[in-house]
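Read the structure below first, then the notes.
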Amino acid sequence: MNAITRLGAALALTCLASAAQAETKWVMASGYPEDSFFTKTIRQFIADVEAGTNGEVKIDLRPNGELIKLDAIRRAVQSGQIQLGEIRFGVYGNESPMYILDSVPNLANDYQAEKRLTDVQKPWFDKEFGASGMTILSYLPWPGQGFYTKFPVTDGSEFKDVKLRIYSPATQRMGELLGFETTILPFAEIPQAFSTGLIEAMFTSAQTGVDIQAWDYASHFTYTGTMFNKNAIIVNNRALSRLPEEMQQVVIAAGEKATETAWALSEQAGEAQVKALSKRGITVTPASPELQEKLSKIGEQMAEEWRAEASSDEVEVLDAYLASGN
């Protein structure tokens with residue numbers, strides 16, 4: 001090998017080493033399985049980031065809670081243990097009423113209303129997460145919900161003293177005001193609770209119904225909408241700031257696109273899972289006007305209870321949302 005050839009080889013190795021050093025590798029954690037529309041949204045987000053940075057930012061997604069459990073993901077992102085994560089706002093309801101504002105029944109009971117609510121909440125969330133060293137890149141809505149029962153539902157008078165599985169203090173309060181006997185149970189315990197008689201009905205999405213094979217325990221699904229809770233994709237600000245400015249903008253733009261993707265996929269997933277319930281023999285019906293009226297009145301009561309616990313700037317967000325619908 002002559003001197004020129006050796007020099008060329010050395011330069012090539014130097015360039016390869018520099019390229020390897022320049023590549024940024026991030027780790028992202030999620031609590032949901034690979035086939036979830038949440039994870040599909042994240043996979044597209046990752047593809048957009050990697051394409052927009054010409055592969056200089058690589059993101060290793062660890063879904064289904066395999067790396068970090070859902071309720072610990074925010075802390076892991078804040079501390080820099082990982083750079084990105086998907087969180088569910090409702091997990092933090094004990095910290096601020098803002099995290100569970102969209103759990104007030106019928107406050108935002110369709111995708112359009114939830115989008116308006118999200119828009120007025122964004123400045124509050126931006127400030128809250130910014131103060132903790134994080135940025136929210138995307139908002140991802142859950143599909144609407146309904147009641148799984150062993151009987152047809154008309155106006156909701158059938159709910160009295162029925163044992164209902166719910167998943168949060170807000171849904172527990174709603175259930176009690178509807179006349180149910182309520183029990184908060186995690187997802188994994190639902191089948192056994194039905195089998196032992198601990199619960200006789202549940203309030204949740206069509207997706208959850210399919211996941212736990214609700215047709216083994218219920219014959220009717222009464223879709224109400226009621227609440228469209230949110231997840232979010234968050235990033236550690238220190239990690240983001242270490243990227244060149246143009247790459248930071250790629251990540252932010254990919255996050256904005258992911259919000260649009262999630263809204264569309266959520267609606268598609270909701271419709272698909274309702275059809276799946278029907279194919280399995282569950283009678284699917286929309287809630288009657290009488291039941292929706294009851295839920296709206298309960299929502300008004302719970303909104304006033306929410307106001308009593310909220311700070312003045314949080315109440316301003318609720319008022320802005322209510323004004324946006326006029």
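Using the 2.2 N^0.38 Å rule of thumb for compact globular proteins, work out how region 231-326 stacks up: its C-alpha Rg over that value, please.
My calculation over the Cα atoms of region 231-326 gives 1.63.
Between GLU245 and GLU293, what is the label-to-label distance in nm when each label sits 7 Å out along the Cα-to-Cβ direction?
So the two model labels end up 5.9 nm from each other.
Provide the FRET efficiency to the nearest 0.05 for the LYS127-GLU66 pair, computing r from the beta carbons and using R0 = 56 Å.
Rounded to the nearest 0.05, the efficiency is 0.95.
Full extension from ALA308 to LEU198: what is 0.36 nm times the residue separation minus their Cα-Cα distance, to one decimal in nm?
Contour length minus Cα-Cα distance gives 36.3 nm.
Over region 81-157, what is the relative contact order in percent, taking alpha-carbon pairs closer than 8 angstrom and at least six residues apart?
RCO, region 81-157: 15 percent.
If R0 is 41 Å, what FRET efficiency do you get for THR24 and ASP119 from their C-beta distance, rounded to 0.05?
For R0 = 41 Å, the calculated efficiency reads 0.85.
Could I get the Rg over Rh figure for region 167-219? Both from C-alpha atoms, Rh via Kirkwood, rounded to two places.
0.94
For region 152-273, what does the convex hull of the Cα positions come to per residue, in cubic angstrom?
Expressed per residue, the convex hull around the Cα atoms of region 152-273 is 132 Å³.
Taking the Kirkwood radius as the inverse of the mean 1/r across Cα pairs, report the Rg/Rh of the chain.
1.07
Determine, for each peptide in 268-277, 202-211, the mean count of other beta carbons within 10 angstrom over its residues, then list the peptides with the highest first.
202-211, 268-277
For helix 312-324, report the angle its Cα long axis makes with the longest principal axis of the Cα atoms of the chain; keep it between 0 and 90° and round to the nearest 10°.
80 degrees
How big is the dipole moment of the chain about its Cα centre under a simple scheme where the beta carbon of each Lys and Arg is +1, that of each Asp and Glu is -1, and everything else is neutral? Debye, nearest 20, please.
Charge dipole, the chain, about its Cα centre: 960 debye, nearest 20.
If R₀ is 30 angstrom, what is the calculated FRET efficiency for the pair LEU322 and GLU189, using the beta carbon separation as r and rounding to 0.05?
Given R0 = 30 Å and the Cβ-Cβ separation, E is 0.25.
Could you tell me the relative contact order of the chain? Use alpha-carbon pairs under 8 Å, at least six residues apart, and round to a whole percent.
Taking the mean separation of contacting Cα pairs over the length of the chain, I get 25 percent.
With a 10 Å Cβ neighbour count serving as the proxy for reagent exposure, in which order, fewest first, do MET227, MET302 appear?
The order, fewest Cβ neighbours first, is MET302, MET227.
With +1 on each Lys and Arg Cβ and -1 on each Asp and Glu Cβ, how big is the dipole of region 252-314 about its Cα centre, in debye rounded to the nearest 20?
620 debye
Whole-Hz Karplus ³J(HN,Hα) for region 104-116, in order, using 6.51 cos²θ - 1.76 cosθ + 1.60 and θ = phi - 60°, x for Gly and Pro?
6, x, 6, 5, 9, 10, 8, 5, 5, 5, 5, 5, 5
Name the residue farthest towards the positive end of the dipole of the chain from the options ASN94, GLY325, ILE68, assuming +1 on Cβ of Lys and Arg, -1 on Cβ of Asp and Glu, about the Cα centre.
ILE68
Once you have a ≥ b ≥ c as the square roots of the Cα gyration tensor eigenvalues for region 237-292, tell me rounded if a/c is under 1.5, and otherwise prolate or oblate according to whether a/b is larger than b/c.
Verdict is prolate for region 237-292.
Please give the net charge around LEU185, taking every other residue with its beta carbon less than 12 angstrom from that of LEU185, where Lys and Arg add +1 and Asp and Glu add -1.
+1
So, counting K/R as plus one and D/E as minus one, what does the shell of residues with Cβ under 14 Å around PRO244 add up to?
Charge balance in the 14 Å sphere: -3.
Laboratory data are not the source of any read-out in this text; all were calculated from the coordinates shown. Quick caveat: nothing in here was measured; it's all calculated off a predicted structure. Positions of Cβ are generated from backbone atoms using ideal geometry, with glycine treated the same way; all protein chains shown enter the neighbour counts.
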